[in-house]
1. Order these by the 10 Å Cβ neighbour count, fewest first: 21, 84.
2. Would you work out the relative contact order for the chain, in percent, from Cα pairs under 8 angstrom that are 6 or more residues apart?
3. Take the eigenvalues of the Cα gyration tensor for the chain, scale each by 5, and report the square roots as semi-axes in whole Å, largest first.
4. For the range 127-156 and the range 23-44, what is the centre-to-centre distance using only Cα atoms, to the nearest Å?
5. Taking the Cα-to-Cβ direction at residue 85 and at residue 193 and moving 7 Å from each Cα, how far apart do the two end points lie in nm?
6. How would you rank 13, 145, going from fewest to most other Cβ atoms within 10 Å of each one's own Cβ?
7. Full extension from residue 26 to residue 104: what is 0.36 nm times the residue separation minus their Cα-Cα distance, to one decimal in nm?
8. If each of residue 128 and residue 173 carries a label point 7 Å out from its Cα toward its Cβ, how far apart are those two points in nm?
């Protein structure tokens, strides 16, 4: 969330979302997700947001998993590159996810996540708290052994001052390349609708699973 100063509200905003993921796999049932991101104002090196997220995930079976953790976000208070003030947000999060393999190398994903968000005072605004509810559905198609494509949609509502309201809707498209069973790179695009604002994200990500059991050399 951006706290805009004055009445300068942008109708369109573009962000480059660079992220790295290092899930720590301790067994077939337990994993520690670790991800960090550096998000920029358009095609530039100017930071819009720094993020860190981690937690603990339990795989119940081949389809279902549950997880909980913490996250820390530092977000610029406006889209003005000359404004160097950032606000801090601390999160607690919980989710339940399902991943179902379908015919013809399709995979269906569903995830419901809750977030308890704690914002520090910044940009002339007081500190506040919010609860956000997120539901994401996506479909992935594997093209051979190395390439994959994904289409997903995520809807979000938040609770502030005892009132629920629409917070955001995101539509994702991405393509990925598997370097091996533990490593992949991905690039994509996100269209995001927030009340009165449309945001565009260019996404670049790298993931390396760090395994402490089984075959670690894939």
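Every read-out reported here was derived from the displayed coordinates using simple, explicitly stated rules and does not represent laboratory data. Just so it is clear, the structure is predicted and the values come from calculations on it, not from any experiment. We place every Cβ from the backbone using ideal geometry, glycine too, and count neighbours over all the protein chains shown.
1. The order, fewest Cβ neighbours first, is 84, 21.
2. 18
3. With the √(5λ) rule applied to the chain, the semi-axes are 31, 19, 18 Å.
4. Taking the Cα centre of the range 23-44 as reference, the centre of the range 127-156 is 14 Å away.
5. 3.2
6. Fewest-to-most Cβ neighbours within 10 Å comes out as 145, 13.
7. Length gained, residue 26 through residue 104: 25.0 nm.
8. 3.4
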